[in-house]
Amino acid sequence: MSVRVDHLSIAYRTRSGDVCPVDQVSFSVADGEIMGLAGESGSGKSTLGTSLVYLDMRMKHLGGSVELDGRHLPIDDNRAMRPYRMKQVSLIPQYAMSALNPTRRIRRLIADLLRSHGVRDREVMTELNRRIALVGLDQDVLDRYSFELSGGMRQRVTLLISTLLNPSLLIADEVTSALDVSTQRAVGELLIEFRDRGFSKSLIVITHDLAILAQVADTITVMYAGRLAEKASTGTLIEAPLHPYTQLLLASLPEVGARHDQVTLTGIPGRPPSLANPPDGCRFRDRCPFAFDRCTTVPPFEEVAPGHFVACWKAAA
Amino acid sequence: MTSLLRIDQVSKLYRTSNFGGGVVPALRRVSFDIPGGEVVTLIGESGSGKTTLGRIVLRLTAASSGQVIFSGQDISAFAGPRLREYYRQVQGVFQDPFSSYNPVYRADRVFELVRTSYFPHLPGPQWRDKIEAALRAVALNPADVLGRYPHQLSGGQQQRLLIARALLLDVKLLVADEITSMLDASTRVDILNLLISLKRAGLAILFITHDLSLGHYVSDRTVILRRGVIVEMGDTVEVFGHPRHPYTRNLLTAVPELHKKWRRLDAEATADAGGAARGPDGPDRAAGGPPTSPAVARRGRWPARTPRAAEALEPPPPLVPAGPGHLVAETDP
Amino acid sequence: MSDVTAASPQAPGPVAAPLPGAPVAAAPLVPGQRSDLLHYALRNRKLVAGLSFEALFVLAAVFGPFISPHNTTDYFLPHLAPSAQHWMGTDYFGHDVFAQLVNGLRESYLVGALGALCAALTGMALGFTAGYRGGLLDEVLQLITNIMVMIPSLVLLVVIGAYLKTRGVLFEGVFIGLTTWPWVARAVRAQTFTLRSREFVDLARLSGRRAYSIVVRDIAPNMASYLFLVVVLLFGSSMLLAASYDFLGLGPTSGISLGTMMNQATLWSALQLHVWWWFVPPGLVLTGMVAALLVANVGLDEVFNPKLRQQ
């Protein structure tokens, strides 16, 4: 197993108190697997992804463990995580492409970053030059400033930087969101290629867009209100989902080819529960058309078929 | 259908602050019609000029040249009372639902904004009835939203409230600029269904989006914009079913679908085009040349050039018919 | 999440602000946040200390003349040291210094308020107009602002003063107001530019609202904290500026103020004659008044702008 997360819980401090956007989350990602982490607003997916790399001031590790390549990952201690960052586990945060320092040329940016991780420039810079061409950018991109590049180019640069040291695990948070459709496809294919070439052993791709995951991911995990709802291989999840949330979500996505006069799509009524005051039991039960009395107790996230995990009483029955 | 709004050779140029004295053409001689009671989708990626066009129609920005004709009159001449009259019939809803609200006030102040200009003499109870009717038309429970502050409402509720505001007036045309892109996928389709029910009641909608599947779901006609120029337009089913312009084909192959992988879509597109798929500014794959994977071909497309001034002022390629109600910009053979 | 502050970007620092401690950024006073503001306000040491201190002086200005046993026009023996009869002694002319001080305080506050009001109204009017309209009007107003910045106000005061037989408190207040508005106009213009491109302004336009209404009802409330801080700062700087003018003899031709007290003390050699009770009290009081106001202003800025809070 490349990554094993076991009953991980992270709390987040807000003005109205502590909320728990990651609540007893357990999953694993195999070597060479691209796992998609899907969820809507308030699901906690970004917090989950970020917590595997660092905890910012507002986050607190409540419990659970993370193992990477068989070794314990000290995510609760930011300082202890330093030797792991960029080398074992790497994160592309949301809006990363807007966060490149505009006062430095790209080459200098990368050099500074590597130096701060204790890596000598020369060995990695030749590798950098090789990889630049691979992602379809010209060599002179390195000598430009970030604001001279288009959105797609900047996103490729961030992808490049975060995989330069060949981490075991790459976590990509909404890397395709702000991009045009054609660039989205190029970036998505790039993620697959990085995995194929071994620039990163496994990937966790976080997004709200299930369609992108259908193209890119090997397995998809759906998160709702801080808990995992379902995890399965991509084909199974898309074609035969078991969790009502996944089913309703898929049913609300219009595809090219669907028109309102031929197909009636409906959304999911209501909205996700506030994490500050979550309901007891299954968090989806207020919006779930199949809810019954058992749903007032928390359904366990368990394997109902090989490789297919669901947290639902109805599905487990 | 008679044309409700006609966009006629509209261009918008921005001066850049470069020393080269360049101009950036946000729009180049864009022309199309919006018939009454129909949904016209304006599809474009970033930099296509679609938002600029929406703002020009809403008179929030002025066009550099060309005209926008509403009910036979040029809207650029409107001022004061005539402009207010225009806004009685043409309204807009924008992308970020939260930004449309002034955070200092309650959410329903957006209704009050309309009242002073358009219903100054309407007595209180009748105004209240009007608001409640508009809220019910957008499937909002008045008790849930009246008296609340914007941050207490969800994104979906905020957008619906803004649509309700437009319905208070006599709108004939609603400009919807990416109104669902900041909403969760599970609530998106409900807003779209709402737009469709409004269209059935006679409202024309200019639906601006970058999302092809949404455009296909709601619209009757589609206009595809690229870098300020129309490359293809016509009846939605026709344009999506038989895309002729390489850019349109490119877009369609790049859209991620749930049940089909990208590679297969590529193959379909190649078959449909007769065996020579080309990116608009990528390397040509001459027939008989070594096969390159689409991924590599796509990569050769960068970096994108910004147009020079001379290019900015050139007339765009003319639109030629390509099918029933279907126009395509001429491409070099 | 419900913790939303529609934070505006950092305002570019006001150019040639008269005093340091100019407010950093604007934030709207979001309702639901008002009780939070009060909570933080009561706990901010700078604000509480500054305001309390200032309150002392205000009380002195309001009640001082009533409790003072003497009037400003009464004559006594000159150069009397502070004693039980004359709490701050007498000056060269035999006037009671304490009486002069508390009456002078009143005049200083009056000029300060007048100057602040004038400067605030002018600066905001021009700043909002330039920021909202843009274009040619903006260029013209910028030109006017730049010209005003260049004109040395002291020289202007001397020249105007030469043509006026008498100068009153009103004149001084208005003059200060009309010469210190440029930085206000620039700061307000910058903020207005930012707020003008927000979508709720577009919505107000689409609702048929007129420009004036949009500026007053939509834009200004989103800069409320900033405007408040600006007014407080103007108040302090007006008082200081008035005292400077008075000290140079360019103040009102009649009446007593802190500055005129110090002017007279200098002219009549109080320093050399060791008549410290004539110039030290007005100097200290002036310093205290303005400093307390500025400290309170910094505290207020911290209350409005969460990013400045130490914790």
Check your understanding: Is the range C:76-84 home to any residue that is more than 22 Å from C:Gln264 (Cα to Cα) and modelled with pLDDT under 90?
Key -> yes
Check your understanding: Do any helices (runs of 4 or more DSSP H) entirely within the range A:94-174 hold 2 or more residues that are touching a residue at least 60 places away in the same chain (Cβ under 8 Å) and within 20 Å of the chain's Cα centre (by Cα), and if so, which?
Key -> A:151-163
Check your understanding: Taking into account only those residues within the range B:49-66 that are touching an Asp or Glu at 6+ places or on another chain (Cβ under 9 Å) and more than 13 Å from chain C (Cβ to nearest Cβ), which is surrounded by the most Cβ atoms within 10 Å (Cβ to Cβ)?
Key -> B:Lys50
Exercise for review: Please enumerate the residues belonging to the range C:130-171 that are in a loop (DSSP other than H, G, I, E, B) and under 30 Å from C:Ile256 (Cβ atoms).
Suggested key: C:Ile151, C:Pro152, C:Leu164, C:Lys165, C:Thr166, C:Arg167, C:Gly168
Review point. Tally time: how many residues in the range A:33-81 are out of contact with any strand residue (DSSP E or B) (no Cβ under 9 Å at 6 or more places or on another chain) and assigned to a helix (DSSP H, G or I)?
Key: 3
**Study point:** Residues within the range A:269-303 that are at pLDDT 90 or above, crowded, with 16+ Cβ neighbours inside 10 Å and within 26 Å of the chain's Cα centre (by Cα), tallied
**Key:** 9
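Residue under question is A:Leu149, and the condition is that it be of a type outside the set (S, T, N, Q) and away from chain B (no Cβ under 13 Å); does it hold?
Taking the combined requirement at face value, the residue does not satisfy it.
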Check your understanding: When the range A:128-144 is examined, which residues are found to be surrounded by 14 or more Cβ atoms within 10 Å (Cβ to Cβ) and not β-branched (Val, Ile, Thr)?
Key -> A:Leu128, A:Arg131, A:Leu134, A:Gly136, A:Leu137, A:Leu142, A:Arg144
Exercise for review: Among the residues of the range C:221-252, count how many are of a type in the set (Phe, Trp, Tyr), farther than 23 Å from C:Ala55 by Cα and surrounded by fewer than 23 Cβ atoms within 10 Å (Cβ to Cβ).
Suggested key: 1
Review point. Any chance the range A:56-71 includes a residue that's out of contact with any Leu (no Cβ under 9 Å at 6 or more places or on another chain), free of Cβ contacts under 8 Å to residues at least 12 places away in the same chain, closer than 29 Å to A:Asp196 by Cβ and surrounded by fewer than 21 Cβ atoms within 10 Å (Cβ to Cβ)?
Key: yes
Study note, to complete from the structure: In the range B:174-186, anything assigned to a loop (DSSP other than H, G, I, E, B), more than 17 Å from B:Ser219 (Cβ to Cβ) and of a type in the set (A, V, I, L, M) is listed as B:Met182, B:Leu183
**Study point:** Hits in the range C:145-203 (condition: closer than 13 Å to C:Cys118 by Cβ, aromatic (Phe, Trp, Tyr) and in contact with a helix residue (DSSP H, G or I) (Cβ under 8 Å, 6 or more places away or on another chain))
**Key:** C:Phe175, C:Trp181
Study note, to complete from the structure: Over the range B:67-79, the set of residues within 12 Å of chain C (Cβ to nearest Cβ) and aliphatic (A, V, I, L, M) is B:Ala79
Check your understanding: Taking the stated definitions as given, is C:Phe98 assigned to a loop (DSSP other than H, G, I, E, B) and on the phi < 0 side of the Ramachandran plot?
Key -> no
Practice item. Output the qualifying pairs, or none if there are none: Cβ atoms under 6 angstrom, residues six or more apart or on different chains, first residue in the range A:198-215 and assigned to a loop (DSSP other than H, G, I, E, B), second residue among the polar types (S, T, N, Q). Key: A:Phe199/A:Thr163; A:Phe199/A:Asn166; A:Ser200/A:Thr163; A:Lys201/A:Ser2; A:Lys201/A:Ser168
Check your understanding: Within the set of pairs 6+ apart or on separate chains, which have a first residue in the range C:182-211 that is under 28 Å from B:Leu174 (Cα atoms), a second that is of a type in the set (D, E, K, R), and C-beta atoms under 7 Å apart?
Key -> C:Glu199/B:Asp96; C:Phe200/C:Asp218; C:Val201/C:Asp218; C:Ala204/C:Asp218; C:Gly208/B:Arg84
**Study point:** Filtered residues of the range B:114-151 (kept if in contact (Cβ under 8 Å) with a residue 24 or more places away in the chain, closer than 29 Å to C:Val215 by Cβ and assigned to a helix (DSSP H, G or I))
**Key:** B:Val114, B:Ser117, B:Tyr118, B:Lys130, B:Ile131, B:Ala134, B:Val145, B:Pro150, B:His151
Study note, to complete from the structure: B:Val189 vs (1) within 14 Å of chain A (Cβ to nearest Cβ); (2) within 29 Å of B:Phe70 (Cβ to Cβ); (3) part of a helix (DSSP H, G or I); (4) touching a Leu at 6+ places or on another chain (Cβ under 9 Å): all pass except (2)
Practice item. Give just the number: which of (1) within 10 Å of chain B (Cβ to nearest Cβ); (2) closer than 26 Å to A:Ser90 by Cβ does A:Ile238 not satisfy? Key: (2)
Point to revise | Residue pairs meeting the criteria (Cβ under 9 Å; at least 6 apart or on separate chains; first in contact (Cβ under 8 Å) with a residue 40 or more places away in the chain, in the range A:30-55; second basic (Lys, Arg) and part of a loop (DSSP other than H, G, I, E, B)) | key: A:Asp31/A:Lys201; A:Gly32/A:Lys201; A:Glu33/A:Lys201; A:Ser41/A:Arg271; A:Gly42/A:Arg271
Point to revise | Selection within the range B:92-112 - in contact (Cβ under 8 Å) with a residue 24 or more places away in the chain and among the aliphatic types (A, V, I, L, M) | key: B:Val93, B:Ala107, B:Val110
Exercise for review: From A:Arg271, A:Arg287, A:Arg294, A:Arg283, grab the single residue that is of a type in the set (Lys, Arg) and either closer than 21 Å to B:Val255 by Cα or outside any loop (DSSP other than H, G, I, E, B) (or both).
Suggested key: A:Arg294
Check your understanding: Pick from A:Asp209, A:Asp173: which is acidic (Asp, Glu), within 23 Å of A:Leu48 (Cβ to Cβ) and within 8 Å of another protein chain (Cβ to nearest Cβ)?
Key -> A:Asp209
Study note, to complete from the structure: Of (1) closer than 11 Å to A:Gly64 by Cα; (2) modelled with pLDDT of 95 or more, A:Asp23 fails just (2)
Practice item. Quick one: in the range B:80-105, of everything that is within 8 Å of chain C (Cβ to nearest Cβ) and of a type in the set (Gly, Ala, Ser), which residue is surrounded by the most Cβ atoms within 10 Å (Cβ to Cβ)? Key: B:Gly92
Revision key, fill the gap. Taking the range B:61-113 and keeping only residues that are in a loop (DSSP other than H, G, I, E, B), within 22 Å of the chain's Cα centre (by Cα) and not β-branched (Val, Ile, Thr), one is left with B:Ala62, B:Ala63, B:Ser64, B:Ser71, B:Phe94, B:Gln95, B:Asp96, B:Pro97, B:Tyr101
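The values are calculated or read from the model by the stated rules, or taken from the named source; none is laboratory data. Not measured: the values here are computed from a predicted model. Here Cβ is always computed from backbone atoms with ideal geometry, including for glycine, and neighbour counts include all displayed protein chains.
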